[in-house]
Each structure stands twice: as structure tokens, then as C-alpha cells.
Amino acid sequence: MLHSSLSKHLCMICMSSYLDSVQIDSQGRSFIDFKDASAVKELCLCLLKKDFNLEVDFPLDTLCPAIPNRLNYILWLQDLLEDTHPKDQPVKGIDIGVGASCIYPLLGCATHSQWSFLGTEINARSLSYATKNVEKNCLQDRIQLEYNRDPNKIFLLEKDISYAFCMCNPPFYSSQEEIERGLANKELEPSAVCTGNQDEMITEGGEYGFVKRMILESLELKTKVRWYTSMIGLKRTIRPLIRVLNDQGITNYIVTRFTQGKTVRWALGWSFFQHKSKKAYQIETWRPVYQFEIELPKPMLFVLNETKSMLDDLDIRYQEDVDGTLQCTATKNTWSRAARRQRKRQKTLDDLEEPFVFSLVMSFSASETDSFLQICWLEGGNKAQFEAFWSHLKKRIEEACGLDRGTQFIKAV
């Protein structure tokens, strides 16, 4: 039930057709029936007008977008780009399957004045509605829509343009039978009506098959798109998709969760760029191993100074921020045993192994009795190099803090 005060407020600001959807209960409270497709659509149109000044229309037999969930996706993309996308480059995104409402490009443009979109759609009727929605909101210069005549091809990219992200809300199911089984297995009756045509609900292989095809196509495009992302509706598909990413050697990926009321959705993103996001929320269960933390029985200032001393010893450049965070860059491997032996013999490291650039950030925090050192790999090198560096640093800082791990680090002189 929609709260009566909000319902009355929407009545005052929205179209008169919304009034036809509002009912009054025995106690005089106004509400709408979320199992009534027309009522849910009118509520959606009112919210888009009230909060984003968007004029939208779509048929009753197509997906009615849940606005908070869609906005969550847009805001997560914003966080994802904030610390991985160059500030001086335009933000152009791709929406795979805009649907009749064209909700993601419209919301993206309404909330970000510098964003633009390429949207694709395989359903001609939905594309017609989406085109009218773009025109209705005078966004033709920022939203370009393309008809995808080949349902086996996912990406329709312009040849000489790079994109900041792609997004997608793929069909969840592989067949009508799977939809019916899913409804039958639910203990509680759905609280709201579910609308959507076959193109929006069903695809070969379900959402797992669709996102897997996205991953395989992205192997050809690689850095044409900075972040490939997709909404995930069924939790059971996340782990198999991560296996696909790992099998293809893609280690820079992120999984997040969107929760609105009783509805939970997830999103998966992956990138062929080396920059990893620190800001965007991700679920620890599926976090790639490029972040570590240790607890140390010493004051934070002691840990910070010892860490800086070790970085100096390893010839690793760093910049200290006002909060004590260290932004670090290594151009050579100076911590491996072979490197330390070379340093002992005072030989140059240039011939030891190929140079590389390896960037990370270290942050420090404290409780009443202990300190915490967190390290996050940002770019460069590879996973093995990062883990070897962390193992070396961790061993030395634990020894400096009086923690005995059974072996002793001997400093090169």
C-alpha cells in the first residue's frame, strides 16, 4: 500500500489519470493497488515527472521500471567512474535493450548533465516508444537509439568512439516454463504485478547465457568500453559468471547488490583497464583479491612511520595525503629475494626483470588498542606481483610491531 500522505501529494502534482488509480479504504486512507498494472504505471509516470521532470509513456504489456532500483544502478555507475574514468574525458554510456520506457538513458541524462547514451533495442515497437520518449524530453542530442536487427549480436558500437560504460537489464529467464516454476516456488504471493513482453523476459540461456555472451563479445572490444556492467536478477548466476571471467583472464571485476524494500538485485561489472575502483560498493564474498588489511598492536603513527621507512628502503615513491593515506608507485620489483640479493651485491636492477609500473594506496585507521593497515592495488603489474609485495611488506611491518611469525626478515645492506 502506498502511504496516504505521499499518495495525496502525488495527486496534487501529477496527471489527473493518477486520481483514477487512487482508492480509499474503510478508514479513509488513500492507497493504490500494486497488482493493478495501470495503477503501477501511473505511479511510475508521476514519480518520473515529480522527481526528474521526465515525460514518459510505455505500453502496459512492457516492463514498468521500478524507479528506485533503476536509480541505484545509475548512482553505482557514477561511483564506479568517479575514481577510474579520466575527468577530462566525456562520459558516454551504452544501454543494451532500452525498452519502451528508455528508462536508463533518460534517468542518466536527468541526473548527470554531462552524460550521453547510445541505446540499442531488438523490439521495433519498444524502440518506437523509446524514440518518442527521447523526443518528448528534448534529449535527441544526448541519446542516440539504434535498432538491433541481429539478436545474436549484443554490442553495436560506433567505430571511432570509446565508451565509459555499458549497462544492461537482461532477460532473467530461458523459457516461459522457467518463469512459471519460479512463481510456483515462491512461498509468498508477489506483492506487485509483473509486466513485460517476451523479449524483455526470455532469452536463450537466461540471464547467465546473455551475460556470458556479453563477456565473450567484450573480449573483442576490450578497452573500447571502460566498464562492462549488467544487472543480475538471480543470485545463483553470479558465481558461474565469475568463473567465466576468471577463465578468460579478467581479474578486474566487481559485484554489488541493490536492495529496495523486499526486492534485491545485483550487478556485475568488469574492465580491461588496470584501474580498480575504491569508491564503488562491492560485496566482499565476490571481491577480487586486490585488497588486504592487517591489525597491528601499535599506535597508528608508529605503523605509518614504519611503513614509510620500509617504502623508502624499497625505493618506492609515495605521496602522503592530509589524512595519512599513502599513494604509492613502484617502477621495479625491489622486494623479491633475487632483487634483494642484487642490492646486496650493489648491482643494478635494470637487468633483473622488465620494468613495470605498479600503483597502490595504503590507508591507516585505529581502534582503542590497535591500528589497521589496509592496502588496495590500483593498477599495473599483475596479481602475483601485488601479492608478493604485500607478503613482503606484511612480514616486515609485523616484525616491527613485535609479532613473531616464525621467520625473521634480514634487511639488505
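The figures follow:
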| read-out | value |
| --- | --- |
| Test: residue 99 is at positive phi, within 25 Å of the chain's Cα centre (by Cα) and assigned by TED's automatic domain parsing to the domain that holds residue 139 | yes |
| Selection from region 256-270 of residues that are among the β-branched types (Val, Ile, Thr) and surrounded by 14 or more Cβ atoms within 10 Å (Cβ to Cβ) | 256 |
| Any hit, region 276-293, residues being within 16 Å of residue 361 (Cβ to Cβ), crowded, with 17+ Cβ neighbours inside 10 Å and at pLDDT 85 or above | no |
| Residue check, residue 110 buried (at least 24 other Cβ atoms within 10 Å of the Cβ), within 23 Å of residue 42 (Cβ to Cβ) and either acidic (Asp, Glu) or more than 17 Å from the chain's Cα centre (by Cα) (or both) | no |
| Residue identified as surrounded by 15 or more Cβ atoms within 10 Å (Cβ to Cβ), in the same structural domain as residue 273 (by TED's automatic domain parsing) and at pLDDT below 95 among 143, 154 | 154 |
| Pair list, Cβ under 7 Å, 6 or more apart: region 55-74 residue farther than 21 Å from residue 166 by Cβ, other residue of a type in the set (Asp, Glu) and modelled with pLDDT under 90 | 62/200 |
| Failed criterion for residue 76 (all others in (1) surrounded by fewer than 19 Cβ atoms within 10 Å (Cβ to Cβ); (2) of a type outside the set (Gly, Ala, Ser); (3) assigned to a helix (DSSP H, G or I) hold) | (1) |
| Helices (runs of 4 or more DSSP H) (entirely within region 300-400) containing at least 2 residues that are at pLDDT below 75 | 337-344 |
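Let's see how each residue does on (1) without any contact (Cβ under 8 Å) to a residue 24 or more places away in the chain; (2) among the β-branched types (Val, Ile, Thr):
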| position | (1), (2) |
| --- | --- |
| 51 | yes, no |
| 83 | no, no |
| 86 | yes, no |
| 89 | no, no |
| 96 | no, yes |
| 126 | no, no |
| 134 | no, yes |
| 140 | yes, no |
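The values are calculated or read from the model by the stated rules, or taken from the named source; none is laboratory data. As the structure is a computational prediction, the values presented were derived from the model and not from experiment. Methodologically, a virtual Cβ is constructed for each residue, glycine included, from the backbone with ideal geometry; neighbour enumeration extends over all protein chains shown.
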